[in-house]
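Structure first, then comments.
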Amino acid sequence: MKIAICSGPPTTGKTSVLRHAIRKLIDKGERCAFLKIDVQFAEEDEQLAAEFGIPTRKVYSGELCPDHCSVMVLGDAIQWADENDCSILLVETAGLCLRCAPYVDGGLGICVLEATSGMNLPLKVGPMLSLADVTVVTKGDLVSQAEREVFRARIQDVAPMTQIREANALYGIGIDPLVEAILETPDAHDDLLLRGSPPVGTCTICVGKREVGWQAHFGVVRALDNQNFYRGQ
Amino acid sequence: MSEIESITIIGGRGKDGEPEPVERIDLQMGNVASIVGPTGSGKTTFINDIEMFADCDTPSMRRVLINGERPPREFRNDPSKNPIALITQHTTFLSDLPVGEFLEAHATVRAASGKHPDDMIERTIEFANELTGEPVGLDVRMTELSGGQTRALLIADATVICDTPIVLLDEVENAGIDRTRCLELLRRQRKVFIFVTHDPRIALLSDFRIVIAEGRVMKILGTNEAERELATKVSRLDDVLSRLRDKLRVGQALSGNELEGTLA
Ligand SMILES: Nc1ncnc2c1ncn2[C@@H]1O[C@H](COP(=O)(O)OP(=O)(O)OP(=O)(O)O)[C@@H](O)[C@H]1O
Ligand SMILES: Nc1nc2c(ncn2[C@@H]2O[C@H](COP(=O)(O)OP(=O)(O)O)[C@@H](O)[C@H]2O)c(=O)[nH]1
Ligand SMILES: [Mg+2]
Ligand SMILES: [Mg+2]
Ligand SMILES: [Zn+2]
């Protein structure tokens, strides 16, 4: 089975892009499964199930970073898609954590950005962009050709290896190259690895200790008058 | 691909799915065409199809050929190889970069070999400032430009920086720029120009008019001898109106016989 993981800031057009891709993939005889990972609300699974009659699911990551959540659940998801006799698993993640990227080696990583988001956005989204195989730029219909081209160059500066494809996700124009990239992705092997390194997560607050004051914590801590220091348990 | 000699649009279908009456349009280098049709008829859609090198993958199902062939993908994926510049209907920029920085970035993106970006940026600003009454400066943020300044800068960018063999312009007349000067500057160059327009002066200035209704290209009208003669008069009339407009703009009172002799 092939795996394509799609990430990008909210409302950039991830679902719109995937919707057109799914239609075209189904036309080519592929059987798609769709998984949505979001923090606290999503309805893409219901929409796409109603539209295409394909198996869909969602998970809410809650206090977990959606990309970490993706790492946790992807194994189960592949099994689920397999049981449903699917040939392609498409995952849409909220991409809210700008320190992580959900892409795996052996699967296709798709980043969706909108041309309307300002020239500095590519500098701000981190590994979600720099580790993507394909970057789809949507909403080019809302800006001038000149701005589209400069935006594109800014992306390529940050992510020299990513293939940039412009698409109008309202009408599904420019989706074919993405569909080809999905079809060219080899079937995923068993031991998938997260692409890139996740950010350091050594902080006891992050892992749930809520007591106020550094005395209650360990690892790398900090007092008002001091720089970070290490405190063992 | 070598020199661009022609561009062809193979007809698709209209909003209702019916096929377009005009099945094929061929434009040669040096041709000037205008697109005319009621508002909402699909003029912008038509030139957007061209800019995207539509290949049965847009709602109109049109196809675009360059030199009679399907254009290579690099036209879409590498702006420095894209032979088309499109000046869209937009009158605002979303980018908050200063004008100079933006133009430099775009010049680098579009850079064909042998052109010097610094000189290009200067010439772009000069060109833009010939079209607008309010000069554009290099340090102003793009988002602060007025509608007219935005269009002037886009036209200048397309002409000087992109300098492509094919130029598409969506309603230049709505821009609050010096139209006469704009047409004069543009027509000096041997390119394919396609103007979407509601303006009789621009429409009559072109070699032919592509008539659109309900998303379909209905027919193509060559500008005939009588229309060409009319065109000079229309231009004169238009110049008179422009002068009136300028006077009003700078706060002058009009004399009452401003139109004397012009309508003869
Ligand atoms: N061939 C077509 N097939 C399907 N939809 C079309 C077609 N042509 C135009 N449309 C749709 O019609 C609508 C209006 O088209 P468009 O914006 O191109 O009109 P226009 O002539 O440029 O109007 P205006 O003069 O107001 O700028 C758009 O939503 C467009 O998608
Ligand atoms: N104009 C325009 N709107 C788009 C485009 N792509 C997506 N949208 C709109 O952007 C909004 C958010 O899209 P959605 O796919 O839900 O984004 P997601 O949150 O990333 O999944 C919707 O209203 C879409 O119709 C595009 O290419 N052009
Ligand atoms: Mg979505
Ligand atoms: Mg229009
Ligand atoms: Zn994270």
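The values are calculated or read from the model by the stated rules, or taken from the named source; none is laboratory data. Treat the numbers as computed from the prediction; the structure is a model and nothing was measured. Neighbour counts are summed over all protein chains in view; Cβ atoms, including those assigned to glycine, are modelled from backbone coordinates with ideal geometry. When the accessible area is computed, the model is the full protein with side chains, heavy atoms only, and any ligands, DNA or RNA have been set aside. Shrake-Rupley method; radii C 1.70, N 1.55, O 1.52, S 1.80 Å.
Computed over Cα pairs, the Kirkwood radius of the protein assembly as shown leads via Stokes-Einstein (0.890 mPa s, 25 °C) to a diffusion coefficient of 96 µm² per second. For B:Lys233, the lysines whose Cα falls under 22 Å of its own Cα, not counting residues fewer than eight places away in the same chain, are B:Lys247. Between B:Thr8 and A:Ala216, the simple spin-label model (points 7 angstrom out along Cα→Cβ) gives 7.6 nm.
A full extension of the chain between A:Leu142 and A:Asp27 corresponds to an added length of 38.5 nm, given 0.36 nm per residue minus the alpha carbon distance. Most tightly packed first, judged by the mean number of other beta-carbon atoms within 10 Å of their residues, the peptides B:239-250, A:77-88 read A:77-88, B:239-250.
Remind me, relative contact order of the range B:53-201 in percent, using alpha carbon pairs under 8 angstrom and six or more residues apart?
This gives 25 percent for the range B:53-201.
Beyond 13 Å, the tail of the calculated P(r) for the range B:89-163 holds 60 percent of the Cα pairs. Need the C-alpha centroid separation for the range B:15-30 versus the range A:147-188, integer Å. Here the two parts' Cα centres lie 29 Å apart. Would you compute, from DSSP H runs of 4+ residues alone, the mean residue ellipticity of the protein assembly as shown at 222 nm, taking -39500 (n - 2.57) per run and dividing by the full residue count, rounded to the nearest 500? Helix contribution divided over all residues of the protein assembly as shown: -10000 deg cm²/dmol. Note on B:Val250 and B:Ser80: with the Förster distance fixed at 45 Å, the Cβ-Cβ geometry gives a FRET efficiency of about 0.60. Label points 7 Å out from Cα along the Cβ direction at A:Lys209 and B:Glu229: separation in nm? Inter-label distance under the simple model: 9.6 nm. For the range A:82-138 and the range B:193-264, write down the distance between their C-alpha centroids in whole Å. The distance from the Cα centre of the range A:82-138 to that of the range B:193-264 comes to 50 Å. Among the trypsin sites (Lys or Arg not before Pro) found in the range A:119-215, those both in a DSSP coil and sparsely packed, with 15 or fewer other Cβ atoms within 10 Å of their Cβ, are A:Lys209, A:Arg210. Restricting the range B:13-120 to GluC sites (Glu not before Pro) that sit in a DSSP loop and have at most 12 other Cβ atoms within 10 Å of their own Cβ leaves B:Glu23. Ligands, DNA and RNA aside, A:Val220 has an accessible area near 80 Å² when probed at 1.4 Å.
Take the Cβ-Cβ distance between B:Glu69 and B:Glu214 as r, set R0 to 25 Å, and report the resulting FRET efficiency rounded to the nearest 0.05.
So, using R0 = 25 Å, E works out to roughly 0.25.
Give me log10 I(q)/I(0) at q = 0.16 Å⁻¹ for chain A, Debye formula, one equal scatterer per alpha-carbon, no solvent. Rounded to two decimals, the profile gives -1.08.
Between A:Tyr60 and B:Glu258, the simple spin-label model (points 7 angstrom out along Cα→Cβ) gives 6.6 nm. Evaluating kT/(6 pi eta Rh) at 20 °C and 1.002 mPa s, with the Kirkwood radius of chain B over Cα pairs in the Stokes-Einstein relation, gives 109 µm² s⁻¹.
Each principal axis of the range A:99-166 carries a Cα extent, and these read 36, 19, 16 Å when sorted largest first. In the range A:157-198, the C-alpha radius of gyration followed by the widest Cα-Cα span (Dmax) gives 14.0, 37 angstrom.
If the segment from A:Gln156 to A:Arg231 were pulled out straight at 0.36 nm per residue, it would be longer than the present Cα-Cα gap by 22.8 nm.
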